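I have placed the structure first, in the form of structure tokens, so that the comments after it can refer back to it.
None of the figures in this text is laboratory data; all of them are computed from the coordinates on show. Only a predicted model underlies this, so the values are computations on that prediction, with no experimental measurement involved. Methodologically, a virtual Cβ is constructed for each residue, glycine included, from the backbone with ideal geometry; neighbour enumeration extends over all protein chains shown.
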Amino acid sequence: MPSIKRHKFKLSNEQLLEMFYWLKLIRSFDERLGILVRQGRVRSGVYSSIGQEAIVVGTCFGLRPDDYICPLHRDMGTFLMKGVSPGVMMAQMYAKATGLSKGRDSALHSGVSELGIFGNTSMLGANTPVAAGLALTFKLEQRDNVVIAYFGEGAANTGDVHEAMNFAAVHRLPLVFVCENNIYAYSVPIEKSMAIEDVADRAEAYGFDGVAINGNDVLAVYQAAQGAISRARGGDGPTLIECKTYRWRGHSEHDPAFYRTDEELAMWKSRDPLTTFTTYLRHRSILTDEHVADVDARVKREIDEAVAFAENSPDPDPHDGVTDLYA
Ligand SMILES: Cc1ncc(C[n+]2csc(CCOP(=O)(O)OP(=O)(O)O)c2C)c(N)n1
């Protein structure tokens, strides 16, 4: 079986700087959301991805517009990277009429088919059989598109995920499974839900490659994702990439996360994906103080504008509650 680590996918300095921008934008968007929640401005549940941004950026970077993603509740950044504007995303979190679902749902249940985003449901893991269905469509229509299905290590233990992996393997579907292993499923630590070390080991049992990588290293994620994507496009079937990571905030903004220690959090903060990548770019003289100031200013402006857009957007019209329904 070919190894997903065999190939090296080159990135230009411009692309590396673009990755830096995305990491910063997603981090800052999440930080601002945390503040807005405390100010009572946000109506949606907020599931911060701070600390996990390298997974989103490393997997979405270079995806084609007509490739599909099936994100999980923590993957707000994938929406931004797939082309949803920060303003519309913020309006979604405010449940305003200008948001993705026009104020109908909380947070990340919306999809945008023109952008290749399939909205998730609250049943965790249930997005993976849907992703397999999408990938089957691509295969039947002989399109060389791929699907990325994201799920947590908690969701990895649901029956849906096992069925999706088996089905994807049998039909050699163009599907990349990305497990965001952040150690906790809400308050449940991984050792209380799995008897093995790596979720990635399960792939072999279904008949495809699985790899466990440092999910806080955006370049490691990118290399693994590109390998898996190119194999999927080439008809070689699915891959499982397990990204080891950690969420800095609680499960959601209403969770103070008393179930973990300050020392553990401090240790993971020392592995900050943004700081690590910044150091890498600086060492290679790709990133200068001027670049950092430019990106910071751009990101701040974009988020300020997004907040202003959401604040100034109308609330949904109650009559719209019965439009766009299927009977
Ligand atoms: C099928 C299902 N079981 C239980 C829940 C309740 N629940 C909501 S979030 C959560 C933890 C999810 O952990 P994980 O899948 O690891 O993703 P993470 O939130 O850590 O990114 C649970 C158990 C759910 N939403 N769906």
Enumerate the whole-percent occupancy of each 10 Å bin, from 0 to the last occupied one, for all C-alpha pair distances of region 243-318.
14, 25, 32, 24, 5, 0
Restraint check, Lys96/Lys269; Lys269/Lys300; Lys82/Lys139; Lys10/Lys300, Cα-Cα greater than 32 Å
Lys96/Lys269
In region 1-72, the trypsin sites (Lys or Arg not before Pro) that fall in loop regions by DSSP, at most 11 other Cβ within 10 Å
Arg6, Lys8, Lys10
How many angstrom separate the Cα center of region 248-327 from the Cα center of region 186-206?
28 Å
Shape category assigned to region 69-210 from the gyration tensor of Cα positions, a/c cut at 1.5:
oblate
Please compute the net charge surrounding Ala135, taking Lys and Arg as +1 and Asp and Glu as -1 over other residues with Cβ under 12 Å from its Cβ.
+1
Can you give the Kirkwood hydrodynamic radius of the chain from its Cα pairs, in Å with one decimal?
20.2 Å
At 4 °C and 1.567 mPa s, the Stokes-Einstein diffusion coefficient in µm²/s for region 140-240, with hydrodynamic radius from the Kirkwood sum on alpha carbon pairs, is 93 µm²/s
Find out how many positive minus negative residues lie around Ala107, taking Lys and Arg as positive, Asp and Glu as negative, among other residues whose Cβ is under 12 Å from that of Ala107.
0
Using a 10 Å cut-off on Cβ atoms, rank the peptides 88-98, 289-299, 194-204, 161-171 from the highest mean neighbour count down.
88-98, 161-171, 194-204, 289-299
Formal net charge of residues neighbouring Gly58 (Cβ-Cβ distance under 12 Å; K, R +1; D, E -1):
-3
Please compute, for the alpha-carbon atoms of region 199-327, the extent along each of the three principal axes and give them in descending order in Å.
52, 51, 39
Kyte-Doolittle mean at least -0.5 and Cα axial length at least 24 Å: DSSP H helices in the chain
13-38
Counting C-alpha atoms alone, how compact is region 1-94: give Rg to one decimal and Dmax as a whole number, in angstrom.
15.1, 53
When the gyration tensor of region 75-143 is built from Cα positions, what are the square roots of 5 times its three eigenvalues, in whole Å, from largest to smallest?
24, 14, 9
Check Gly210: other-chain or 5+ apart residues with amide H under 5 Å from its amide H, H built from backbone geometry?
Glu204, Leu240
In straight Cα distance, which aspartates and glutamates are under 16 Å from Lys244, not counting same-chain residues fewer than 8 positions off?
Glu53, Asp75, Glu153, Glu180, Glu191, Glu197, Asp198, Asp201, Asp217, Glu264, Asp272
